[in-house]
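Okay, structure first, notes after.
The values are calculated or read from the model by the stated rules, or taken from the named source; none is laboratory data. These figures come from a predicted structure and were not determined experimentally. Here Cβ is always computed from backbone atoms with ideal geometry, including for glycine, and neighbour counts include all displayed protein chains. We work out accessible area using only protein heavy atoms, side chains counted, and drop any ligands, DNA or RNA first. Shrake-Rupley method; radii C 1.70, N 1.55, O 1.52, S 1.80 Å.
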Amino acid sequence: MFKVKTLNNISQEGLSLLGGNYIITAEDPNPDAILLRSFKMHDMELPESVKIIGRAGAGVNNIPIEEYAAQGVVVVNTPGANANAVKELVILGLLLSSRKVISGINWAKSQQDNPEVDKLIEKEKAKFAGQELTGKKIGVIGLGAIGVLVANAALSLGMEVYGYDPFVSVESAWGLSCDVKRALSLDEIIGECDYITLHVPLIDQTKNMINAERLKKAKPGLRLLNFARGALVSNDNIKAAMESGDLACYVTDFPDQELLQLDNVIGIPHLGASTAESEENCARMAVHEIKEYLENGNIVNSVNYPDCYMGISSTPARIGITHKNIPNMVGQITSSLAKDNINIGDMLNKSKGEFAYTLLDVDSKVTLDSIDRLEKIAGVLKVRIIKNEN
Ligand SMILES: NC(=O)C1=CN([C@@H]2O[C@H](COP(=O)(O)OP(=O)(O)OC[C@H]3O[C@@H](n4cnc5c(N)ncnc54)[C@H](O)[C@@H]3O)[C@@H](O)[C@H]2O)C=CC1
Ligand SMILES: O=C(O)CCC(=O)C(=O)O
């Protein structure tokens, strides 16, 4: 029996895939896995029992992934599972930033007690005129799961689309329309674009990427959309660019009190991924990844360990070891097992940055003494018996 602790509300359709061998808990102090959405884990003490953390979503800036890697804990996310939901909200953001629909609707609602409102409409509507998207230039920053969908959708709206992503993956490149123009830097396009939309992760290199200097170069009347993370842009810079008239509108999925006080900010309460479909997709994928790790030791879609897949074990025992990516680890692990007369039937060793994972199928039952000896190897972080039969 495995225990999965949830730190946010997770789609029931996804959770139901865990099956009868799992207890879902919001309270247990010693779970095997943690499943969450945007809960901030940075100040949380992680129980020693936790082997895997499943982020039902894309961004992992709410999880100290390096710290957990150093404790031998695997963190996985659900790439692409909520991308369509975000894309659709970005299209809405483009429209809301272009047409004064929110002010218009608010004005109409304010007239609900006025029996003559229908006579006022034709006169008042002049205040709410906007601009069209067709023919305008848009810069899509970050061409991952979301950016690619946004870029392609913007083309189908008749926009001229520039894409910027120095680390674009082969998979994303295959999905991107060849009509998207390649930008070699953000600075190259910020002065040209009527719209900029951000789809990068929040990491040290992207924090405050839309800075004061860049906003000064922006085309006057720029509309900036941020459905990625608040800290990619600073409030002070937004304020200054609005005061100078360079920035006409800031649509953000991450508003705070200061931003909400500005007239030309459209603040959405982090609804990018909030659709039934996206919540279910994310939960299903995260549950699948957690089950693969707990039941088979396979790592799928990890952000702090290498992916590693050996299917279902057909030998008597399987052992999974998270360890540092340093010389002679495989040698020490295999010699330790050999000393205990345990033959290795199959094995996989993969590394990612400072960390590595070794998955071993062995031809006989392993004893706790053997596991103890593996745990004592310097650089080994966690050793797990995934299967152990006679
Ligand atoms: N508002 C919401 O509810 C949601 C927000 N997000 C946010 O959107 C971000 C992107 O999500 P996905 O597209 O699914 O992630 P992804 O990992 O598929 O794509 C991110 C892309 O950004 C690129 N990138 C990284 N550093 C860059 C840089 N300095 N300049 C330009 N490009 C850079 C990467 O190469 C990658 O192609 C997430 O990290 C998350 O913060 C994601 C899902 C929902
Ligand atoms: O609503 C959520 O779960 C957050 C989605 C999100 O921001 C992400 O996946 O990065």
Exercise. How many residues does the stretch 213-234 contain that are in a helix (DSSP H, G or I) and closer than 15 Å to I266 by Cβ?
Worked result: 1
For this session: Kindly list, by first and then second residue, each pair from a residue in the stretch 127-141 that is closer than 16 Å to G158 by Cβ and away from ligand 1 (no atom under 15 Å from the Cβ) to a residue that is assigned to a loop (DSSP other than H, G, I, E, B) and open to solvent by 50 Å² or more (accessible area, probe 1.4 Å), limited to pairs with Cβ atoms under 8 Å and residues at least 6 apart or on different chains.
Result: G130/R99; G130/K100; Q131/R99; L133/L157; T134/L157; K137/E192
Problem set entry | Matching residues, the stretch 72-91, being away from ligand 2 (no atom under 16 Å from the Cβ) and either without any contact (Cβ under 8 Å) to a residue 60 or more places away in the chain or in a helix (DSSP H, G or I) (or both) | I91
For this session: Determine if the stretch 78-91 includes at least one residue that is open to solvent by 40 Å² or more (accessible area, probe 1.4 Å) and either closer than 17 Å to E289 by Cβ or at pLDDT below 95 (or both).
Result: yes
Exercise. Can you pull out the strands (runs of 3 or more DSSP E) entirely within the stretch 245-324 that have at least 1 residues that are in contact with a Lys or Arg (Cβ under 6 Å, 6 or more places away or on another chain) and crowded, with 19+ Cβ neighbours inside 10 Å?
Worked result: 247-252, 317-324
Exercise. Can you spot a residue in the stretch 36-51 that is away from ligand 1 (no atom under 16 Å from the Cβ), closer than 20 Å to E279 by Cα and in contact (Cβ under 8 Å) with a residue 12 or more places away in the chain?
Worked result: no
Exercise. Within the stretch 216-240, restricting attention to residues that are over 26 Å from the mean Cα position of the chain (by Cα) and open to solvent by less than 30 Å² (accessible area, probe 1.4 Å), which residue is farthest from ligand 2 (Cβ to nearest atom)?
Worked result: G221
Problem set entry | Candidate set from the stretch 202-212 (those that are in contact (Cβ under 8 Å) with a residue 24 or more places away in the chain and assigned to a loop (DSSP other than H, G, I, E, B)); member that is farthest from S98 (Cα to Cα) | I203
